[in-house]
Amino acid sequence: MRGMADPAPPPVTDLATVFPDLERIRRRALAGDLGGAVDDIALVGDRRSPDQGVAWDVLARSEGLDEVVAARLAEDPHDHAARTLAAHRLLLATEEAVGQPGSELTADRFAEVHERLRRAEQVLLRLCAEDPGDPQPWVLRLWSAALLGLPAGEVRRRHARLAALEPGHTEGRRLLVRALAPPPGGSWDASLAAAREASSAAPAGGVEATVLAAAHLARWRLEGSGRERGYLKDAGVLTELEDVADRFRALPCPSHFAWVRPHTELAVLFGVAGRPDRARAHFRALGDLVDGPTWSAAGHHSDALATLRASALAEGAGR
Amino acid sequence: MTAVHETRVCGLPALHAPRDDGGCAAGLVFRVGGADENLAVRGVTHLVEHLALRAAGLEAVHRYRALDDVVTSFSAEGSPEHVADVLNTVCGALRRPPLEHLEEARDALRAEEEARPDAQVRAAAMMRWGATGRGLASYPEIGLDGLDEDLVGIWASAAFTQANVVLWVSGREAPYGLDLALPQGDLPPLPDTAPVLPRTPAWFAVPGTDVVQLTGLVPRGPAADVLGRLLQRALAHELAPSGATAQVRVEAHDARSALVRVLATGTPHLRDGLAGAVVDALARVRWGRLGAGDREAVTLAEHDADRPDHDPALLEARAVDHLLGRPTPSRAERVAALHAVSADAVRAAAEALHDSALVQVPTPGLDWAGLSAVPASSSSAVEGREHPVRGGGRTTLVIGVEGVTLRSAAGLVTVRYRDLAAMESFADGGRWLVGRDGFRVHVEPTVYELGPDEVARIDEAVDAARVVRLPARTADRLPRPAEAPAAARRGLAGRLAGRRGRRG
């Protein structure tokens, strides 16, 4: 039996403070060179790489970006990078406004959120038309489809357009799985089927395999409001999670920073499911880092998970 | 030298395109169609047309054409003698319709209604224009049974005259022996086409269909034709991965406007993604970069336009334009105008299409694409006595001196007597009122707490010329209180369902 671990320092959620590549992209953008920052994202991996998705996310979450984007758009309302980031910011703001799964919105808040999404959609529709070869607006349209609750046929169409540009786009797969889930308006059968398809096609060591873990995490959060453990204790679910985790850890992950989110997801899932050994292995792989949104989604289990994390880190690092 | 001569034949204005290949075709185009009728007598022009076609032995080859709502055409091709014989017979039948065949013609119209090829998308005209003018194209011919010999005869002599016709002839000369005497009359203005839609672009849903239809109005001209071609290309690109198909048609609407119609068809599995594909295709034409493929599309358009002026289809279209007051360019001018179309002009046409777009979708909605939902309820109610639904419930029928309102939790539907398009009047007491904006209210004594006195008050207030009288329905066809419609369920079922309800 393990003793009480010493408290660990709070986890680092801003990846730009750890990874110089991400820090450079952010610095360049905040200095006003949005086009240069987007060019740098292109260099962090190929276009389907999950690392690019992380780089876009880190950049879009940068404090002060709104002012830079607004200034750039005032100079050139047609600037492609600025409009892409403006749409990204609108979706991020919507995500924050919508809050946790199952939380209620007032009618006014709902109208405000939808108005914001409609604005983002207008920007993205035009970006896709102007540059049909750029996958990022299509990634954002998949996200937007999930937030709007568009029907599965439209979600699949958007994913097919992205896949035609970049087959096997990791972030696109994740967003497809999310957009097919209920909510917004799909079904867990469809969502999990898409996740299993993506996971089974993924190479060992690749983050692509963990799309299924993300789907189970989403279902647990929604069905159990982040409290009940029951869903994650189901033998079938646990077996799938263990299989995903084993394949993810079978070989060194080729991604530079995209491994943070799946390790965090698996740490949370195994921690809540009562598999502390497995959870600790993922915490050790994470070291100081966790994925912020996933970590904050642990809800009522966050104290227990923090303790688990502390004990894992006390045992020593080793990704 | 123009290849088409404006002349007069048998006292009628005529367009003659000489040809020396021995071929002969000719036709008569009248500026009258279903849009000139009112809902209560909808179908009378079509009925006269069928009587004339039947007399000329052409009824079997007649097909319903959705855009024939402002013109009626007759044509023949073959030897000059045959052509003259057909047109002479048609004019004879228009002067003196063979009313002894009225019932057969009525049957033919009913059969056409049952087989309408545009059944899935027929609501669009009504959604845009209501239950008058161009909007009537959506409706079944509800007054068909009441069109008697007198009315048909009067309509024929008023609607098919020497003042609203153009003869076109493709041949060495006008066929010998033409006798095209027609009554005197007037050239009527085009029906008022003020839309009832408060704003566009807009969408409405027709559940149970697997199609998406976008319609919109753009300025007529070569840019509209090129827009149609580029949109077709963009749609092919958008739909290729799914296996769905789409067709784009650009048709004359009036002298200044063309109606663009995009019809995308998929399977139930694909239908929810069809609307997005259509929206993206239009966005590509509005904002995307044009390329070599687009240039090829323009070249193809030029090729198609480079037809001899004596081409019968072209000549007939020219005759329509003559009636609409639009000059028609020569062959060389047509091709040159297409060649000179600029990207800016196509984009302007695409913007016009977007701004006026009305999109029918299988499942709601298209707000995400910046379109508004077509209003599902009226903006106001009439004042009057309230008649709740029998057996209790929240739905109430209000009957006042101005009109009727159906009020339910879902909203209001109002038809004012002064805005009545038609009222179907059943001998059993049922009254179905259709407003000019397309909304309808069914007043049913078996559904609401009202009696013969209230029904009589409605009958007194309604213009008798707008009433379609129908026999009593059998007891098993009378609606029950549980069938009280929710006010906001307007859509196709609420607005066009009269025919099915009546015939069961």
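Based on what the data block shows, is B:Asp186 modelled with pLDDT under 95, over 30 Å from B:Ala340 (Cα atoms), in a loop (DSSP other than H, G, I, E, B) and acidic (Asp, Glu)? If you could, list the steps in order and put the result at the bottom.
Numbers: modelled with pLDDT under 95: yes; over 30 Å from B:Ala340 (Cα atoms): yes; in a loop (DSSP other than H, G, I, E, B): yes; acidic (Asp, Glu): yes.
The answer is yes for B:Asp186.
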- Answer with yes or no whether B:Arg440 is surrounded by fewer than 23 Cβ atoms within 10 Å (Cβ to Cβ), of a type in the set (D, E, K, R) and within 27 Å of B:Ala125 (Cα to Cα). no
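Does segment B:281-306 hold any residues that are within 11 Å of another protein chain (Cβ to nearest Cβ), open to solvent by 40 Å² or more (accessible area, probe 1.4 Å) and more than 18 Å from B:Ser356 (Cα to Cα), and which are they? Break it down stepwise before answering.
Taking segment B:281-306 as the starting set, the residues that turn out to be within 11 Å of another protein chain (Cβ to nearest Cβ) are B:281-289, B:291.
Within this subset, residues satisfying the condition of being open to solvent by 40 Å² or more (accessible area, probe 1.4 Å) are B:284, B:287, B:289.
Passing the criteria: only B:Arg289.
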- So, first residue at the interface with chain A (Cβ under 8 Å from one of its Cβ atoms) in segment B:260-280, second residue acidic (Asp, Glu), Cβ within less than 7 Å, six or more apart or across chains; the pairs are B:Arg271/B:Asp210; B:Asp272/A:Glu154; B:Gly273/A:Glu154; B:Gly276/A:Glu154; B:Ala277/B:Glu238; B:Asp280/B:Glu238
- Message: If a residue counts only when it is within 30 Å of A:Pro254 (Cα to Cα) and at pLDDT 90 or above, which helices (runs of 4 or more DSSP H) contained entirely in segment A:15-119 have at least 3 such residues?
- Response: A:20-30, A:34-42, A:50-60, A:80-98
- Task: Just give me the residues in segment B:448-480 being within 30 Å of the chain's Cα centre (by Cα), outside any strand (DSSP E or B) and β-branched (Val, Ile, Thr), in sequence order.
- Result: B:Ile458, B:Val462
- Count, please, the residues in segment B:59-71 that happen to be of a type in the set (A, V, I, L, M) and modelled with pLDDT under 75. 4
- Quick one: would you say A:Ala204 is open to solvent by less than 10 Å² (accessible area, probe 1.4 Å), in a loop (DSSP other than H, G, I, E, B) and out of contact with any strand residue (DSSP E or B) (no Cβ under 7 Å at 6 or more places or on another chain)? no
- Query: Taking into account only those residues within segment A:98-121 that are open to solvent by less than 10 Å² (accessible area, probe 1.4 Å) and not small (Gly, Ala, Ser), which is nearest to the other protein chains (Cβ to nearest Cβ)?
  - Reply: A:Glu121
- Note on the structure: Residues in segment A:278-312 that are open to solvent by less than 40 Å² (accessible area, probe 1.4 Å) and not small (Gly, Ala, Ser) total 12
- Item | Condition check for B:Asp459: open to solvent by 10 Å² or more (accessible area, probe 1.4 Å) and closer than 21 Å to B:Gly43 by Cα | no
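Yes or no, residue by residue, for (1) at pLDDT 95 or above; (2) within 14 Å of another protein chain (Cβ to nearest Cβ); (3) within 24 Å of the chain's Cα centre (by Cα):
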position: B:Gln360; (1), (2), (3): yes, no, yes
position: B:Trp368; (1), (2), (3): no, yes, no
position: B:Leu371; (1), (2), (3): yes, yes, yes
position: B:Ala376; (1), (2), (3): no, no, yes
position: B:Ser379; (1), (2), (3): no, no, no
position: B:Gly384; (1), (2), (3): yes, no, no
position: B:His387; (1), (2), (3): yes, no, no
position: B:Gly393; (1), (2), (3): no, no, no
- Message: Looking only at segment B:312-338, count every residue that is acidic (Asp, Glu) and loosely packed, with under 15 Cβ neighbours inside 10 Å and tell me the total.
- Response: 1
- Message: All but one of (1) at pLDDT 95 or above; (2) in contact with a Pro (Cβ under 6 Å, 6 or more places away or on another chain); (3) part of a loop (DSSP other than H, G, I, E, B); (4) not aromatic (Phe, Trp, Tyr) hold for B:Val166; state the number of the condition that does not hold.
- Response: (3)
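Output the helices (runs of 4 or more DSSP H) that fall wholly within segment B:72-149 and possess 2 or more residues being modelled with pLDDT under 95 and open to solvent by 60 Å² or more (accessible area, probe 1.4 Å), or say none.
Details: elements: B:80-95, B:102-114, B:123-129.
Here the list reads B:80-95, B:102-114.
Evaluate the following for B:Ala52: is it surrounded by 22 or more Cβ atoms within 10 Å (Cβ to Cβ) and farther than 30 Å from B:Gly143 by Cα?
Working: surrounded by 22 or more Cβ atoms within 10 Å (Cβ to Cβ): yes; farther than 30 Å from B:Gly143 by Cα: no.
Against the criterion (surrounded by 22 or more Cβ atoms within 10 Å (Cβ to Cβ) and farther than 30 Å from B:Gly143 by Cα), B:Ala52 does not qualify.
So in segment B:240-259, with the set limited to residues that are more than 14 Å from every other protein chain (Cβ to nearest Cβ) and assigned to a loop (DSSP other than H, G, I, E, B), which one is surrounded by the most Cβ atoms within 10 Å (Cβ to Cβ)?
Within segment B:240-259, the first condition is being more than 14 Å from every other protein chain (Cβ to nearest Cβ), and the residues that meet it are B:245, B:247-259.
When the remaining residues are screened for being assigned to a loop (DSSP other than H, G, I, E, B), the result is B:253-256.
Details: B:His253: 20, B:Asp254: 18, B:Ala255: 13, B:Arg256: 13.
Selected residue: B:His253.
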- Quick one: B:Leu412 ticks every box in (1) assigned to a strand (DSSP E or B); (2) open to solvent by less than 20 Å² (accessible area, probe 1.4 Å) except a single one, so which number is it? (2)
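May I ask you to list the residues in segment B:205-235 that are open to solvent by 50 Å² or more (accessible area, probe 1.4 Å) and either away from every other protein chain (no Cβ under 14 Å) or assigned to a loop (DSSP other than H, G, I, E, B) (or both)?
Within segment B:205-235, the subset open to solvent by 50 Å² or more (accessible area, probe 1.4 Å) is B:207-208, B:219-220, B:225, B:229, B:232-233.
Within segment B:205-235, B:Pro207, B:Gly208, B:Pro219, B:Arg220, B:Asp225, B:Arg229, B:Gln232 qualify.
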- Note on the structure: Taking segment B:1-58 and keeping only residues that are over 30 Å from B:Ala421 (Cβ atoms), among the acidic types (Asp, Glu) and not in a strand (DSSP E or B), one is left with B:Asp20, B:Asp21
- A:His88 is checked against (1) more than 9 Å from chain B (Cβ to nearest Cβ); (2) open to solvent by 20 Å² or more (accessible area, probe 1.4 Å); (3) more than 18 Å from B:Asp367 (Cα to Cα) and fails just one. What number does that condition carry? (2)
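The values are calculated or read from the model by the stated rules, or taken from the named source; none is laboratory data. Since the structure is predicted, the reported quantities are computational estimates derived from the model, not experimental observations. We place every Cβ from the backbone using ideal geometry, glycine too, and count neighbours over all the protein chains shown. The area values use the complete protein model at the heavy-atom level, side chains included, leaving out ligands, DNA and RNA. Shrake-Rupley method; radii C 1.70, N 1.55, O 1.52, S 1.80 Å.
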